[in-house]
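The values are calculated or read from the model by the stated rules, or taken from the named source; none is laboratory data. None of the values given here were measured: they were computed from a predicted structure. For neighbour counting, all protein chains shown are included, and Cβ atoms are generated from backbone atoms with ideal geometry for every residue, glycine included. We work out accessible area using only protein heavy atoms, side chains counted, and drop any ligands, DNA or RNA first. Shrake-Rupley method; radii C 1.70, N 1.55, O 1.52, S 1.80 Å.
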Amino acid sequence: MIFALAPANSSSASTLFSDVGTTHRAQAEIYYLLDGGITGGISATKFGTDQLVTREQAAALIGRSLGLNGEKRATDFPDVSTNNFASGYIQQMVDKGIISGFKDGSFGPKQTLTRGQMAVLISRAYNYGATSTAAATNALMEKGISLGMEDGSFGEDLTIKRADFAVFLARGINASFRKDANVTFSREMFVNVNDLNFRQGPSTDFPSMGKLNNGDKVEYAYTIGQWSYVRANGQTGFLHNAYLQLTKPDTTTPPPTPTPVPTEKPLDELVVIIDPGHGGTDPGGTGNGFVEKNVVLNVARHMNSYFQATPLKPKMTRTGDYFITLDYRTEFAAREKGDVFVSLHTNALNGSANGQETFYYAKTASTNPNVAQSRALAIYLQARMQEAWDLSNRGVNPFGYGNLHVLRENTMPAALIEMGFIDSPKDIEYIKLESQRKLMGKALYLGVLDYYYHYKGREDVLPLYNITGDSPSKRLH
Ligand SMILES: [Zn+2]
């Protein structure tokens, strides 16, 4: 139980942000960056389209697009503390010569970014070779990344709204967003592994569009971070540089094995954090003679057992009936290098409500950027819970109220499930039974597999469904 007043909601809502919707001019670009974990919203329901972009936000957004390590650290600047959400990106961008501070030694993290500064940042980050603001603004206009102002100028001293910055950034990353896709595929290259994911953007957080194989020819245009923008089979997208070469590989002998993959962990390095809510002096919700902390520990142990039969590594935040803090849970997850985080709860509302619900956290402007991933994880968990127990569907909801520490403070895709109401006469018929708890543990296991299979495009999880005689869900996200 976190609390029980969440509105019932469709689990397949097509939009997250009320200020973006389906018609906003920057809608495609904002959701593209969201899918790739490059941006989040300013609240559970708002992207903040009209807010001005600050220098720290710009550093984080561009740094994520380059795949830089955003781990917080000490910086060269007295006005950027280690605790600043963007400290890792700011220092890395400084070290790479992409961004710099002011003459007085400060960085000005809260200062708004000008269009001229943005042009310089994008030009340096994506290697356009411009050495002045004028050259950078020209490069952006020539490439169709900026169309300039109505008077033909670039407006280099003007500030930028978040929606417009999203458009510039998406166009810089992926030329298919440019008005005149002014990009040349100048070089022939070859894929040197099998089963290589062809992704929509330059990280494994972006969805896969399909697979390419050893010896496949692609046409190369440019590089973003460690990824190449290429055309293959009539589609444009991104491949990791490690799997591209200039000469055609020998296809008569087996290709080198695609593991270890630098950007996509092998299955036996994927860590699933299983977080049974409450414990010890914190019983959680109670009802019908049952106590939440015991129920969720039991289900978590079943979920853990299913993962133990696979190469994936399950890690439980608590393994017995003792109290742990919310901080401990997220710190444990970070220390164990979790790849997904699932928190298990039962709900309660004086016996007056029933059903299943899954939460994720969409307000991640300065902390967890994994909004789209968390949402997809939540969708697949909720669908499997519905399949397991015949209870009403309260939907998948961005957690926009209250304090949901374990979702907000996490640095990995995270979801919190409420498997049913412990004080409901209907739901307790499932909650009370050991056999049903085992089914729920399996449902949560399968939901995580569905997330990896459908969202991350990982076909290497397919054999794991066979262990329990199951198969992947429909694609739902
Ligand atoms: Zn709870």
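Does D250 fit the bill of being free of Cβ contacts under 8 Å to residues at least 24 places away in the same chain and surrounded by fewer than 19 Cβ atoms within 10 Å (Cβ to Cβ)? Working first, answer last.
Details: free of Cβ contacts under 8 Å to residues at least 24 places away in the same chain: yes; surrounded by fewer than 19 Cβ atoms within 10 Å (Cβ to Cβ): yes.
For D250, the condition - free of Cβ contacts under 8 Å to residues at least 24 places away in the same chain and surrounded by fewer than 19 Cβ atoms within 10 Å (Cβ to Cβ) - is met.
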Residue satisfying all of: in the stretch 279-292; within 19 Å of L407 (Cβ to Cβ) and free of Cβ contacts under 8 Å to residues at least 60 places away in the same chain; surrounded by the most Cβ atoms within 10 Å (Cβ to Cβ) among these: G279
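Any residue at all in the stretch 340-349 that is open to solvent by 20 Å² or more (accessible area, probe 1.4 Å) and either away from the ligand (no atom under 14 Å from the Cβ) or modelled with pLDDT of 95 or more (or both)? Before you say what the answer is, go through the steps one by one.
Within the stretch 340-349, the first condition is being open to solvent by 20 Å² or more (accessible area, probe 1.4 Å), and the residues that meet it are 349.
Filter once more, keeping what is either away from the ligand (no atom under 14 Å from the Cβ) or modelled with pLDDT of 95 or more (or both): none.
The answer is no; no qualifying residue exists.
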Across the stretch 262-308, the tally of residues that are charged (D, E, K, R) and away from the ligand (no atom under 14 Å from the Cβ) stands at 5
Run down G395, G469 and say which single residue is modelled with pLDDT under 95, away from the ligand (no atom under 16 Å from the Cβ), open to solvent by less than 10 Å² (accessible area, probe 1.4 Å) and not in a helix (DSSP H, G or I). G395
Qualifying position, being out of contact with any Leu (no Cβ under 6 Å at 6 or more places or on another chain), at pLDDT 95 or above and open to solvent by 30 Å² or more (accessible area, probe 1.4 Å), among K363, K313, K337: K313
Can you tell me which condition D327 does not meet? The list is (1) surrounded by fewer than 18 Cβ atoms within 10 Å (Cβ to Cβ); (2) in contact (Cβ under 8 Å) with a residue 24 or more places away in the chain; (3) part of a loop (DSSP other than H, G, I, E, B), and all the others hold. (3)
When the residues of the stretch 32-57 are filtered to those that are outside any loop (DSSP other than H, G, I, E, B) and touching a helix residue (DSSP H, G or I) at 6+ places or on another chain (Cβ under 6 Å), which remaining residue is surrounded by the fewest Cβ atoms within 10 Å (Cβ to Cβ)? D35
Failed item, numbered, when R318 is tested on (1) surrounded by fewer than 19 Cβ atoms within 10 Å (Cβ to Cβ); (2) modelled with pLDDT of 95 or more; (3) closer than 20 Å to N347 by Cα: (1)
Working only within the stretch 22-31, note down all residues that are in a helix (DSSP H, G or I) and open to solvent by less than 20 Å² (accessible area, probe 1.4 Å). E29, I30
Index of the failed condition, A333 passing every other in (1) touching a strand residue (DSSP E or B) at 6+ places or on another chain (Cβ under 8 Å); (2) of a type in the set (A, V, I, L, M); (3) farther than 24 Å from N370 by Cβ: (3)
Residue list for the stretch 413-446, restricted to those being in contact with a strand residue (DSSP E or B) (Cβ under 8 Å, 6 or more places away or on another chain) and either among the hydrophobic types (A, V, I, L, M, F, W, C) or in a helix (DSSP H, G or I) (or both): A414, A415, L416, I417, M419, F421, I422, I428, Y430, I431, M440, L444
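Anything in the stretch 123-148 that is surrounded by fewer than 20 Cβ atoms within 10 Å (Cβ to Cβ) and not small (G, A, S)? List them, or say none. Step through it out loud before you land on a result.
Looking only at the stretch 123-148, we keep the residues that are surrounded by fewer than 20 Cβ atoms within 10 Å (Cβ to Cβ), and these are 127, 129-135, 138-139, 141-142, 144, 147-148.
Of everything in the stretch 123-148, those that are surrounded by fewer than 20 Cβ atoms within 10 Å (Cβ to Cβ) and not small (G, A, S) turn out to be N127, T131, T133, N138, M141, E142, L147.
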Pairs returned, first residue in the stretch 404-422 that is more than 15 Å from A378 (Cα to Cα) and open to solvent by 10 Å² or more (accessible area, probe 1.4 Å), second residue that is at pLDDT below 90 and within 12 Å of the ligand (Cβ to nearest atom), beta-carbon separation under 9 angstrom, 6 or more apart or interchain, are H405/L326; E409/L326
Contact list, first residue from the stretch 199-219 and closer than 23 Å to T247 by Cα and open to solvent by 30 Å² or more (accessible area, probe 1.4 Å), second anywhere and modelled with pLDDT of 90 or more and of a type in the set (F, W, Y), beta-carbon distance below 6 Å, six or more apart or interchain, is K217/F190; E219/F185
Out of the residues in the stretch 94-119 meeting the condition of being among the polar types (S, T, N, Q) and out of contact with any Ser or Thr (no Cβ under 9 Å at 6 or more places or on another chain), tell me which one is least open to solvent (accessible area, probe 1.4 Å). S106
Take the residues of the stretch 175-227 that are touching a strand residue (DSSP E or B) at 6+ places or on another chain (Cβ under 9 Å) and among the basic types (K, R): which is nearest to L66 (Cα to Cα)? R199
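Any idea which residue in the stretch 149-171 is nearest to A119 (Cα to Cα), counting only those that are free of Cβ contacts under 8 Å to residues at least 40 places away in the same chain and open to solvent by 50 Å² or more (accessible area, probe 1.4 Å)? Break it down into steps so the answer makes sense when it comes.
Keep residues of the stretch 149-171 that are free of Cβ contacts under 8 Å to residues at least 40 places away in the same chain, which gives 149-154.
Retained after the next criterion (residues that are open to solvent by 50 Å² or more (accessible area, probe 1.4 Å)): 149-152.
On the way: M149: 14, E150: 18, D151: 18, G152: 16 Å.
It comes out as M149.
State all residues of the stretch 226-256 that are assigned to a loop (DSSP other than H, G, I, E, B) and closer than 18 Å to F185 by Cα; if no residue qualifies, say none.
Taking the stretch 226-256 and keeping what is assigned to a loop (DSSP other than H, G, I, E, B), we get 226, 233-234, 246-256.
Listed by number, the residues that qualify are Q226, N233, G234, L246, T247, K248.
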